[in-house]
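For reference, the structure is listed below as structure tokens.
The values are calculated or read from the model by the stated rules, or taken from the named source; none is laboratory data. In this text the structure is predicted, and so the values were computed from the model without any measurement. Note: ideal-geometry Cβ built from the backbone for every residue, glycine included; neighbour counts use all protein chains shown.
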Amino acid sequence: MLRLEGVGVAYGKSAEVLRNLNLSLSAGEFLSVVGPNGSGKSTLLKAIAGAIPVRRGRILIDGKENDFRSVSYVFQDPAMGTVGNFTVLENMALAWRRGERRFPVPFLNGRRRKIFRDRLADLAMGLEERLATPARALSGGQRQALALAMAVLRDSRLLLLDEATAALDPRSAERIMALANRIVRESGRACIAVTHSLQQAIAYGDRLLVLRNGIAVAQFAGEEKSRLSAGELFARYES
Ligand SMILES: Nc1ncnc2c1ncn2[C@@H]1O[C@H](COP(=O)(O)OP(=O)(O)OP(=O)(O)O)[C@@H](O)[C@H]1O
Ligand SMILES: [Mg+2]
């Protein structure tokens, strides 16, 4: 469902921060991405989401170029995925209306409100009891979890997670990753998850990609991936 062919991405006139990247992902497949700070992980997700143009090569989603409607995204900065002055409930309503022209009005029928509450309850962070709280009054981790609930509220074909659990305590991070994994499996979405947790990258995903200086320096799958140790993976961070 996703294909990257010789993709190069650069900001403005500067040198390419992603270089000659080739990648393909089938529906239902889960790819973990790791790499040092500045290696191009967020840039990769932004390019796939259509937030920055490619300078070279092309990105195909279901065979089409420049059609990013079926992509949902949890940004590295949770403030970008949620509206601070909107309540938890209004943010969920906004996510529900994603792609529709009408601006969300806070009116919600009981059935929809229940769907939102149930989805928030899945996060096990008590957000379903804080529907009237503005997003800016949540903790960083709570806000990140809300951003995830929003990203998966409507159907999408490809879910992009940029360090979606970086601000969470270890127990919450584990729970949210397991939840994201379950959602991906049940819905048949493809998923790309960027993480700094090598354990998480080994535990989740069918495949694992290591980026360094904008280049894919290693890929692991199947048996080889599940047998990897964090130490072996870490060794790929340096040439
Ligand atoms: N808006 C921007 N304008 C110019 N350069 C940028 C911009 N965003 C990122 N870069 C540069 O692109 C390179 C890759 O950045 P990117 O954010 O993709 O790295 P990353 O792998 O996600 O790092 P981190 O682990 O710190 O999140 C870096 O050298 C960075 O300085
Ligand atoms: Mg990043």
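For region 153-207, residues that are closer than 17 Å to Ala230 by Cβ, within 15 Å of the chain's Cα centre (by Cα) and away from ligand 2 (no atom under 16 Å from the Cβ) total 4.
Pick from Gly6, Gly12: which is touching a Lys or Arg at 6+ places or on another chain (Cβ under 7 Å) and at positive phi? So that I can check it myself, show each step before the final result.
Values: Gly12 fails: touching a Lys or Arg at 6+ places or on another chain (Cβ under 7 Å).
Matching residue, one of Gly6, Gly12: Gly6.
Among the residues of region 154-180, those that are in contact with a Phe, Trp or Tyr (Cβ under 7 Å, 6 or more places away or on another chain) and modelled with pLDDT of 90 or more comprise Leu160, Asp162. Take the residues of region 17-47 that are within 12 Å of ligand 2 (Cβ to nearest atom) and in a helix (DSSP H, G or I): which is surrounded by the most Cβ atoms within 10 Å (Cβ to Cβ)? Looking at residues that are within 12 Å of ligand 2 (Cβ to nearest atom) and in a helix (DSSP H, G or I), I get Leu44. Among the conditions (1) closer than 24 Å to Ala180 by Cα; (2) of a type in the set (Gly, Ala, Ser); (3) more than 15 Å from ligand 2 (Cβ to nearest atom), Gly12 misses just one, which is (1).
Quick one: which residue in Gly140, Gly126, Gly188 is within 16 Å of ligand 1 (Cβ to nearest atom) and surrounded by fewer than 16 Cβ atoms within 10 Å (Cβ to Cβ)? Even if it seems obvious, please write down each step before you answer.
Numbers: Gly126 fails: within 16 Å of ligand 1 (Cβ to nearest atom); Gly188 fails: within 16 Å of ligand 1 (Cβ to nearest atom).
Unique residue meeting the criteria: Gly140.
Report yes if some residue within region 48-63 is within 16 Å of ligand 2 (Cβ to nearest atom) and touching a Lys or Arg at 6+ places or on another chain (Cβ under 8 Å); otherwise report no. Yes, region 48-63 contains a residue that is within 16 Å of ligand 2 (Cβ to nearest atom) and touching a Lys or Arg at 6+ places or on another chain (Cβ under 8 Å).
The single condition among (1) within 16 Å of ligand 1 (Cβ to nearest atom); (2) outside the structural domain of Ala167 (by TED's automatic domain parsing) that Ser42 does not meet is (2).
Name the residue, out of Pro78, Pro106, that is at pLDDT below 90 and under 21 Å from the mean Cα position of the chain (by Cα). Before the answer, list the steps.
Details: Pro106 fails: under 21 Å from the mean Cα position of the chain (by Cα).
Result: Pro78 is the single residue among Pro78, Pro106 that is at pLDDT below 90 and under 21 Å from the mean Cα position of the chain (by Cα).
Looking at Leu148, Leu161, Leu168, Leu179, just one residue is touching a strand residue (DSSP E or B) at 6+ places or on another chain (Cβ under 7 Å) and not assigned by TED's automatic domain parsing to the domain that holds Asp122, and that residue is Leu161. Have a look at Gly214, Gly140, Gly188 and point out the one that is under 28 Å from Val17 (Cα atoms) and in contact (Cβ under 8 Å) with a residue 40 or more places away in the chain. Exactly one of Gly214, Gly140, Gly188 is under 28 Å from Val17 (Cα atoms) and in contact (Cβ under 8 Å) with a residue 40 or more places away in the chain, namely Gly214. With respect to Ala145, is the statement that it is within 30 Å of Leu4 (Cβ to Cβ) and buried (at least 22 other Cβ atoms within 10 Å of the Cβ) true? Criteria met by Ala145.
Only residues that are of a type in the set (S, T, N, Q) and away from ligand 1 (no atom under 16 Å from the Cβ): list them for region 191-239, please. Walk me through how you get there before you give the answer.
Keep residues of region 191-239 that are of a type in the set (S, T, N, Q), which gives 195, 197, 199-200, 213, 219, 226, 229, 239.
Once the filter is applied, which keeps residues that are of a type in the set (S, T, N, Q) and away from ligand 1 (no atom under 16 Å from the Cβ), region 191-239 yields Gln199, Gln219, Ser226, Ser229, Ser239.
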